[in-house]
Amino acid sequence: MTAPVGLLGGLRVVDVSDGLAGAYCVRLLSDLGADVLAVEPPGGNVFRQWSSSGSVGADGDPDGALYRILYASTRSEVGSWDRVVALARDADIVLGGFDVDVAALLAANPAVIAVSISAFGAAGPESGRDASEFLLQARAGSTFARGLPGRVPLALGGRLGEWTAGVHAALGALTAVRRARRTGRGEHVDVSTLEAIAVTLAPHAALAPTFPGGRRGRTIVPMVPSIEPCRDGFVGLFTVTGQQWLDFLSMIERPDLADDTELATMAGRAARIDEMRKVVHAWTMPRTAAEIVEQASYFRVPAAFIGNGMTLPTMDHVVARQIYAPNPRGAFPTPASPFRTASMPAVARRPAPLVGEHDGQGFAPRPAVNAPTASEGIAPRPLAGIRVLDLTAFWAGPFATLYLASMGADVIKVESVQRPDPIRFSAFVPPKEPQWYEQAVLYCASNLGKRGITLNLAHPEGRELLLKLVAQCDVVVENFTPRVMEQFQLTYEELAAVRPDLVMVRMPAFGLDGPWRDRPGFATTIEQVAGMAWITGYEDGPPIAPGGMCDPLTGAHAALAVLAALEWRDRTGQGQHIELAMLDVGALVAAEQVAEHHYGHLPRRRGNRGPQAAPQGVYACAETQSWVALAVATDDQWTALVDVLGRPAWALNPPLARAAGRQNGHDVLDKELAAWFSERDRDAVLTELTAAGVPATAVVPGYETDEDPQLRSRGFFEPVDHPVVGRHEYPGWPARLSGGPSRVFETPAPLLGQHNEEVLGGLLGLTPADLTRLRELDVIGERLLSP
C-alpha cells in the first residue's frame, strides 16, 4: 500500500476493467496520485496481452508494453467479484465494464462511485452490445468525411476513441467523487465509447449543417497547407486564422495571392487544391523539414515535424522536456505524466504489477468519520460554488471550461473587443452579415453555459479589473503561448498574489519551457508531431492529420486537472499551478507507437485495416455515397459472413478460415468484398449481416448522427436557444452521472461582452458611470471593434 502522494493522494480505486479505455483511466488517476488496485482473474487482465504488432513476450516479459505503460504504479490482486465488493467498502471508485453490479457496490458502500465503460452505455436499446472502435467511428460520423474525394472514407488509426473514453471515465469519476464528498451519496458513472467518439472525433457533424450558411452532404475539405512533401520526407503545416494564411504566403514568397479572396478560406483552397499544391510544393520540395519548421517559426506559422514511434522521442524539444524515460519494467521509452506542477514532485513510477503481486493487501480500513447523511433526489451540480475565470480561445481551452460550466461552475469567459476569441471568425456567413461573429458553430458549441465579458488587458485598467476578478475566482484556465500571459504580467505568481489558494491550469501547445515553447501550435500541429497523423491515411498515401481531435482530448485532460487540484485544495487549503501541454497529452496517447518501435515494429498507415480484425474495411454499396464498415474479428464471424456471401469458391480457400490467413489475404478479401457490396443496397445488406451476427454498420454521414436511435434514447443531444442563431441541438458528455444533472446545458454561449454589467457591476461593484467610461476607452464593449 502507498502513502498519500500527489494531487489525489489518498484516493482509492478498484479496477476490474479489461480494455484500453479502462487502462487509460487507471493511468491518469495513478499519475495524479490515486492508489489503484486491479482485481484480476487467475490468468490476469486480458489487456496484459494486447499488442498491435503481436510483440508480447519479445523481451521475455509476459505482459505487453502498453500494459506496462498504463498500469505502472498500480497494484494487483487475484480475486472474484465478492473480493471487489469487499474492497469497495474502503474505496472511492470502482472501475469496470458494462457488467459492473452498481447496486451491489452501493449496498456495500453508499458513497462509492461505480464507473462502467461500454461501447454503447448502460442504457438505451443497444446497451450491453459490444462493437469495435472501427465500427463505432463509422457510426459516430467520424469516418464519413475523412479521406480523399473519389476514395473510400477513412477511419482514424490508433484507437483514439478508446483513449478518449478513458479520460472521460476519469473525469466523470472525479466529478462524482467531488459530489459524494458533499452529499455522502455515491452514484453510477456510465461511459459510452460511441459518445466519446461523437464528442471528440465528430463533435459538430450534425450541428454544423443547421447553422446559418451550413449545408449537408459529403464535403471533404482537404487542408491546404497540410502535410506536404519536402526534401527529406514530409513536413506539417497549418493555417487556421486569416493572419496565419497571409503570413504563410509571405513565407513561401507568394504575397501576390493575398488578394485572392477565395484562397482566404479553407474551403476555397480545397476547391483549388491541385493548383495550391503546386504552389506549396514548389516551395517545400527544395527544403528540408528542419529548414521549413525554422522558417515557419519566424513567421509565426504553425509547423511541425511528422513524428512517429521512431522520431518522436529524439526531437530536441521532447528530449529537453524529458517527456520520455525508460519504463521501470522494461527498457522501452515511456511518456511522463501530462500533469506538471512545480509545487510537488511527479508521482514516482513503479513497475506495473505481475498478476496477483499484491494478493491480500487490499486497503487499510478507513476510520469512522462523521460523513454527510446521504441525500435523496437530484443532487446539486458537483461544481456548484466554484468560480472559473476563462482566458481560453479556439477549442481546447473552451472545451475544458465548457465541462466545468456544465457541472455547475460559474465560468466567466474573458475576451476583448479588439481581439475576441478567434474561433468566432470561423462562421459560415460573411463578415458583412450583422453579428456574423456570433454565428460560428464551434464558438457556440464550446461556450455554452458561460458568462461573457470583455476586457482589454493591454490597457492598465483592463489588467487591474482582471486581477480584481481573479481575487473572486477559484480557478483560472488559459491556453495561449507562454509569452502572452508573461507580456500581460499575468503569470501564476502574479495571480496567486491576489488569490493565494488559486488553481491555475495553463495549456500551451508545447509547454512552458524547451526550445519550442513560443511556437504556435494547434490540435493539427500536435497530431502531426505526436504520430497520430503517421498512422492515419491510405496505405499508398501520405499521413493525414485526424482533424482537430487533440483539442477536445486535451480539454478533457485540463478539466480533470482542475478537479484534481480542487481535491488537493479541499484537503490542504493550498492552490496549484498545473502545466498541461498539448504535446505531453499527444505523446502519452501515442505511447504504443514508441514502445512498438523499440521492439522493432514501426506502426504504419494501413487504410482501414487493423490488427484485430480481417476483413476490416469500408465498402461502397450500390447507392451513391453509401458505404458499409465491416470488421470480422473471429473465425465464427468469418463463417457467418461466408454464409451471407453465398459460400463462393474464393471464400472457401482453407487459409481464410483462420485469422492469420485472412490478414495475409486481405488484398483478395477487399477485392472480392468490394465487388459484392457494390451490387447491393446498404440497408438491406446490413439487415442480412446483422441477423447473421456479422459485425457491420453503415458509415453514417455526420449530419445524420442526431438521428441515431441509441444516442436519441440517451438524450445525447440537447436543444439550446441562442438569441442570434436560434435553437440548435448540441452534443453532451460521454460520462453520465446518475445523480444528474439530467440536462447539462441550460444557457447558450454568451454574446460578445453580454455580461459586462452583470459581472463587472454586480461582482466588482462598478457603477453605470464607470462602465460608460470604460466603454469610451474601449476597455470593455459589446461590439467587435473594427481593425
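Explain nothing, just the number: dipole magnitude of segment 223-298 about its Cα centre with +1 on each Lys and Arg Cβ and -1 on each Asp and Glu Cβ, in debye rounded to the nearest 20.
Charge dipole of segment 223-298: 200 debye, to the nearest 20.
Around residue 476, which amide H atoms from residues at least 5 apart in sequence, or from another chain, sit under 5 Å from its own amide H, with H modelled in the peptide plane?
Result for residue 476 returns 389, 503, 504, 505.
Starting from the Cα of residue 518, move 7 Å in the Cα-to-Cβ direction to define the label point; list residues of segment 292-307 whose amide nitrogen is under 15 Å from there.
Within reach of a label on residue 518, which here means backbone N under 15 Å from a point 7 Å along Cα→Cβ, segment 292-307 contributes 294-301.
Counting only residues 5 or more places away or on other chains, whose amide H sits under 5 Å from the amide H of residue 76 once H atoms are built in the peptide plane?
The list, which skips near neighbours in sequence, is 38, 357, 358.
Hey, can you grab everything whose amide H is under 5 Å from the amide H of residue 627? Only 5+ residues off in sequence or another chain; H modelled, so Pro and N-termini drop out.
When sequence neighbours closer than 5 places are left aside, the close amide H contacts are 621, 699.
Output the antiparallel fraction of DSSP beta bridges having both residues in the chain, as a percent to the nearest 5. Walk me through the numbers before you get to the answer.
Details: 29 of 70 bridges.
Given both bridge residues lie in the chain, the antiparallel proportion sits at roughly 40 percent.
May I ask you to compute the full-extension gain from residue 671 to residue 231, defined as 0.36 nm times their residue separation minus their alpha-carbon distance, rounded to one decimal in nm?
Roughly 154.9 nm would be gained on extension.
Could you derive backbone 3J(HN,Hα) for segment 688-695 from the dihedral phi with the Karplus parameters 6.51, -1.76 and 1.60 (θ = phi - 60°), listing whole Hz in sequence and x where the residue is Gly or Pro?
Per-residue couplings from phi come out as 5, 5, 5, 4, 8, x, 8, x Hz.
Normalised by the residues of segment 114-184, what does the relative contact order come to in percent, with Cα pairs under 8 Å and at least six apart?
In percent, rounded to a whole number, it is 23.
Do you know the relative contact order of segment 516-595, to the nearest whole percent, from alpha carbon pairs under 8 angstrom that are 6+ apart?
That works out to 32 percent.
Hey, how many Å between the Cα centroid of segment 59-94 and the Cα centroid of segment 227-284?
Here the answer is 50 Å between Cα centres.
Could you tell me the distance between the Cα centroids of segment 521-543 and segment 124-144, to the nearest Å?
Cα centroid to Cα centroid, the span is 23 Å.
May I ask you to rank 251, 344 by accessible area, largest first, using a 1.4 Å probe over the protein chains only?
These residues rank, largest area first, as 344, 251.
Counting DSSP beta bridges in segment 312-460, what percent are antiparallel, to the nearest 5? List each step's numbers first, then the result.
Numbers: 3 of 11 bridges.
Close to 25 percent.
So, R0 is 30 Å and r is the distance between the beta-carbons of residue 574 and residue 758; what FRET efficiency does that work out to, to 0.05?
The calculated FRET efficiency here is 0.45.
Which one of 749, 677, 700 is farthest out on the positive end of the charge dipole of segment 677-787, using unit charges on Cβ (Lys, Arg +1; Asp, Glu -1) and the Cα centre as origin?
749
Multiply the residue separation of residue 272 and residue 777 by 0.36 nm, subtract the distance between their alpha-carbon atoms, and state the gained length in nm to one decimal.
177.4 nm
Only four residue types carry charge here, +1 at the Cβ of Lys and Arg and -1 at the Cβ of Asp and Glu. Report the dipole size of segment 34-151 about the Cα centre in Debye, rounded to the nearest 20.
Computed charge dipole of segment 34-151: roughly 520 debye.
To the nearest 0.05, what FRET efficiency results for residue 540 and residue 99 with a Förster distance of 56 Å applied to their C-beta separation?
0.85
For segment 384-467, just say rounded, prolate or oblate: build the C-alpha gyration tensor, square-root its eigenvalues into a ≥ b ≥ c, call rounded for a/c under 1.5, and beyond that prolate if a/b exceeds b/c, oblate if not.
Oblate shape, in that a/c is at least 1.5 and b/c is the bigger or equal ratio.
Could you give the size of the charge dipole of the chain about its Cα centre, using +1 on the Cβ of each K and R and -1 on the Cβ of each D and E, expressed in debye and rounded to the nearest 20?
It comes to approximately 460 debye.
Across segment 632-642, in residue order, what do the Karplus-derived ³J(HN,Hα) couplings come to in whole Hz, using 6.51 cos²θ - 1.76 cosθ + 1.60 with θ = phi - 60° and x for Gly and Pro?
8, 9, 10, 5, 5, 5, 5, 4, 5, 5, 4
How would segment 1-128 be classified by its alpha-carbon gyration tensor: rounded, prolate or oblate, with rounded meaning a/c under 1.5 and the a/b versus b/c comparison settling the rest?
Details: a/c = 1.77, a/b = 1.23, b/c = 1.44.
Oblate is the answer for segment 1-128, as a/c is 1.5 or above yet b/c matches or exceeds a/b.
Using a 1.4 Å probe, how large is the accessible area of residue 534, given in Å² and rounded to the nearest 10?
50
So what's the net charge close to residue 498: Lys and Arg +1, Asp and Glu -1, counting the other residues with Cβ under 12 Å from its Cβ?
Residues close to residue 498 contribute a combined charge of -1.
Please list 288-298, 71-81, 182-192, 578-588 highest first by mean number of surrounding beta-carbon atoms within 10 Å per residue.
With the highest mean Cβ count within 10 Å placed first, the list reads 578-588, 182-192, 71-81, 288-298.
Take the alpha carbon gyration tensor of segment 545-616, find the square roots of its eigenvalues, order them as a ≥ b ≥ c, and report rounded if a/c is under 1.5; if not, report prolate when a/b exceeds b/c, else oblate.
Prolate, since a/c reaches 1.5 and a/b exceeds b/c.
Using a Förster distance of 56 Å, how high is the FRET efficiency between residue 652 and residue 354, based on the Cβ-Cβ distance and rounded to 0.05?
Working: r = 44 Å, r/R0 = 0.79.
The formula returns an efficiency of 0.80 here.
For the chain, compute the number of Lys pairs whose alpha carbons are separated by less than 27 Å, excluding pairs fewer than 8 positions apart on the same chain.
5
Along the charge dipole of the chain, pointing to its positive end and built from +1/-1 on Cβ of Lys, Arg, Asp and Glu, which listed residue (436, 118, 355) has its Cα farthest out?
The one lying farthest along the dipole's positive direction is 355.
On the protein heavy atoms, probe 1.4 angstrom, tell me the percent of accessible surface of the chain carried by carbon and sulfur. Numbers along the way, then the final one.
Values: 15330 of 28800 Å².
Carbon-and-sulfur percentage of accessible area, whole number: 53.
Please report the accessible area of residue 442 (heavy atoms, 1.4 Å probe, ligands and nucleic acids excluded) in Å², nearest 10.
Around 30 Å² of this residue is reachable by solvent.
Mind checking the full-extension length gain between residue 681 and residue 243? Use 0.36 nm per residue of separation minus the Cα-Cα distance, one decimal, nm. Each step should come with its number before you reach the end.
Numbers: separation 438, 0.36 × 438 = 157.68 nm, distance 4.69 nm.
Difference between extended and current length: 153.0 nm.
For segment 575-629, which trypsin sites (Lys or Arg not before Pro) pass both filters: DSSP loop (anything but H, G, I, E, B) and at most 15 other C-beta atoms within 10 Å?
604
Ignoring everything but the protein chains, give the 1.4 Å probe accessible area of residue 535 in square angstrom, nearest 10.
Estimated to the nearest 10 Å², residue 535 gives 30 Å².
What number, rounded to the nearest 500 deg cm²/dmol, is the helix-based mean residue ellipticity at 222 nm of the chain, given -39500 (n - 2.57) per DSSP H run of at least four residues and division by all its residues?
-9500 deg cm²/dmol
Which one, 459, 504, 525, is farthest towards the positive end of the dipole of segment 405-535 when Lys and Arg carry +1 and Asp and Glu -1 on their Cβ?
Looking along the dipole axis, the top candidate is 525.
Which net charge results when you count Lys and Arg as +1 and Asp and Glu as -1 among the other residues whose beta-carbon is under 12 Å from that of residue 442?
-1
Segment 676-759: which GluC sites (Glu not before Pro) are DSSP loop and have at most 10 other beta-carbon atoms within 10 angstrom?
Counting only loop positions with at most 10 other Cβ atoms within 10 Å, the GluC sites (Glu not before Pro) in segment 676-759 are 679.
Could you order 324, 67 so the one with the most accessible surface comes first? Probe is 1.4 Å.
Details: 324 40, 67 5 Å².
Heavy-atom accessible area, descending, gives 324, 67.
How do the peptides 15-23, 255-263, 196-204, 335-343 rank, highest first, by the average count of neighbouring beta carbon atoms within 10 Å per residue? All intermediate terms of the calculation are to be shown ahead of the outcome.
Numbers: 15-23: 24.4, 255-263: 12.2, 196-204: 27.3, 335-343: 19.4.
Descending packing order for the listed peptides: 196-204, 15-23, 335-343, 255-263.
Once the Cα atoms of the chain are picked out, what are the Rg and Dmax in Å?
According to the Cα coordinates of the chain, Rg and Dmax are 25.8, 86 Å.
Take residue 464 and residue 660, extend 7 Å from each Cα along the Cα→Cβ direction, and tell me the distance between the two endpoints in nm.
Between residue 464 and residue 660, the simple spin-label model gives 7.7 nm.
The values are calculated or read from the model by the stated rules, or taken from the named source; none is laboratory data. Small disclaimer: the values here were computed from a predicted structure and weren't measured. Note that each Cβ is placed from the backbone with ideal geometry, even for glycine, and that neighbours are counted across all protein chains shown. Remember, those area values only see protein heavy atoms, side chains included, never the ligands or the DNA or RNA. Shrake-Rupley method; radii C 1.70, N 1.55, O 1.52, S 1.80 Å.
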